[in-house]
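Enquirer: The structure follows.
Any read-out appearing in this document is the output of simple, stated calculations on the displayed coordinates, not a laboratory observation. Treat the numbers as computed from the prediction; the structure is a model and nothing was measured. So basically every Cβ, Gly included, is an ideal-geometry build from the backbone, and we count neighbours across all protein chains shown.
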Amino acid sequence: MSNDLQLNAVLNNVAFEVFQELAFIFPAEGERDHDPACERTTSAVIFEGAHAGGIILALPTQMLCALASNMLGLDETAPPTPEQQVDALKELANVLCGNLLPAIYGPEAEYRVHSPLILASAPADAHVGYLCRRTGAAQAANAKINLELGMVELTLCVGQPDRMAKVG
Amino acid sequence: MALNVLVVDDSAVARSMMIRTLRMSGLPLGEVFQAGNGQEGLAALEQNWVDLVLVDINMPIMDGEQMLSAVRNNPLWKDLPVIVVSTEGSQTRIERLRSEGASFVHKPFTPEIVSSIVLELTGVAHEQ
């Protein structure tokens, strides 16, 4: 298996585990085509330390309500507020990033993980370009995570530790 | 004995999840205080009686490691049970936190894990 495929497999495995354990959202049983026209909400988490870079997590916007409800244990009579939905996505991205880094680079490396951001609506490659400019990184892997509630896209950008651009 | 708990995390959703997990674990909870960073956490400790602190690592203004150091350097709180609840994967940093007398829970977590660590730290068992 090539390095790219191995990295994508790690992204897939970590994402499946985190979605299941944190939000009780499970893998889809059948194949699904990626729908580029689907409205998505995107979060990014920047890290620095042994490596500098970030992850970008794009979810179908319609998934946010179920995500927040599951994470907070809310029922149908008390749907999550828009603020809770966004906060749930940010926490999910934070947990994904924290679990992904040791899975790829091992348990000895130390990182400083910044607070998750919500990125303005834009095409996926614009988000990747923004993150790479901001962190001095390059896209290292991209995985389409096929979940029961929709297709999620997870991108990892990584650069050298000393090339971190100023993070505001 | 009911435990007064302080939960420190910059994410409101993460704080809610921790508090819900504590309630689900069957531990006898008294008052639950919340703070959005280490500095607010120290202020909450000064103003309230707290039996147990759960704190995240990566937070703005003052992170969890800095808060833990401040807690350990205060004679009033040097023996206060602290659980770091984080996505942290670096064994080096986890060992450093443990050397400061903190326990560690990795996110995502289950009520069973939180409950067993709280029991180990405080000796307070589940409510039947």
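Enquirer: Can you give me the three principal axis dimensions of chain A from its C-alpha atoms, in Å, biggest first?
Expert: 50, 38, 33
Enquirer: Counting other Cβ atoms within 10 Å, keep those with at most 10, restrict to DSSP loop, and tell me which trypsin sites (Lys or Arg not before Pro) in segment A:61-168 are left.
Expert: On the way: sites: A:Lys90, A:Arg112, A:Arg133, A:Arg134, A:Lys144, A:Arg163, A:Lys166; in loops: A:Lys166.
In loop regions of segment A:61-168 (DSSP not H, G, I, E or B), the sparsely surrounded trypsin sites (Lys or Arg not before Pro) are A:Lys166.
Enquirer: Tell me, what HN-Hα J-couplings in whole Hz come from the Karplus equation 6.51 cos²θ - 1.76 cosθ + 1.60 at θ = phi - 60° for each residue of segment A:74-79, using x for Gly and Pro?
Expert: Calculated HN-Hα couplings, in order: 8, 9, 5, 7, 9, x Hz.
Enquirer: Working from Cα positions, state the angle (0 to 90°, nearest 10) between the long axis of helix A:82-105 and the longest principal axis of chain A.
Expert: Between helix and principal axis, roughly 40 degrees.
Enquirer: Assuming 0.36 nm per residue, please report the length gained on full extension of the stretch A:Glu21 to A:Leu5 beyond their Cα-Cα distance. Walk me through the intermediate numbers first.
Expert: On the way: separation 16, 0.36 × 16 = 5.76 nm, distance 2.42 nm.
So the chain would gain 3.3 nm between A:Glu21 and A:Leu5.
Enquirer: Next question. At 15 angstrom or more along the helix axis (alpha-carbon based) and mean Kyte-Doolittle of 0.0 or higher, what helices does chain B contain? Whole DSSP H runs only. Don't skip to the end; give the middle numbers.
Expert: Values: long enough: B:12-24 (18 Å, 0.52); B:111-122 (16 Å, 1.18).
Passing helices, by number: B:12-24, B:111-122.
Enquirer: Restricting to lysine pairs 8 or more places apart or on different chains, what number in the protein assembly as shown have Cα atoms under 26 Å apart?
Expert: Working: A:Lys90/A:Lys144; A:Lys90/A:Lys166; A:Lys90/B:Lys107; A:Lys144/B:Lys107; B:Lys78/B:Lys107.
Qualifying lysine pairs in the protein assembly as shown: 5.
Enquirer: Give me the Debye-computed log₁₀ of I(q)/I(0) at q = 0.08, 0.14 Å⁻¹ for the protein assembly as shown, equal point scatterers on Cα only, no solvent, two decimals.
Expert: -0.35, -1.05
Enquirer: How about segment B:1-101: which trypsin sites (Lys or Arg not before Pro) there are in a DSSP loop, with at most 12 other Cβ atoms within 10 Å of their Cβ? Could you put the intermediate results ahead of the total?
Expert: Details: sites: B:Arg15, B:Arg20, B:Arg23, B:Arg72, B:Lys78, B:Arg93, B:Arg96, B:Arg98; in loops: B:Lys78.
Sites meeting the loop and neighbour criteria: B:Lys78.
Enquirer: Another one. Once phi is turned into ³J(HN,Hα) by the Karplus curve 6.51 cos²θ - 1.76 cosθ + 1.60 with θ = phi - 60°, what whole-Hz value does each residue of segment A:48-58 show in order, with x for glycine and proline?
Expert: 9, x, 4, 9, 10, x, x, 10, 10, 10, 10
Enquirer: Relative to the first principal axis of the alpha-carbon coordinates of chain A, what is the inclination of helix A:124-135, with its axis defined by its Cα atoms, in degrees from 0 to 90 and to the nearest 10?
Expert: Rounded to the nearest ten degrees, it is 40.
Enquirer: May I pose another question? Identify the GluC sites (Glu not before Pro) of segment A:1-64 meeting these criteria: DSSP loop state and at most 11 other C-beta atoms within 10 Å of the C-beta. Please list the in-between numbers first.
Expert: Details: sites: A:Glu17, A:Glu21, A:Glu29, A:Glu31, A:Glu39, A:Glu48; in loops: A:Glu29, A:Glu31, A:Glu39.
Filter output for segment A:1-64: A:Glu29, A:Glu31, A:Glu39.
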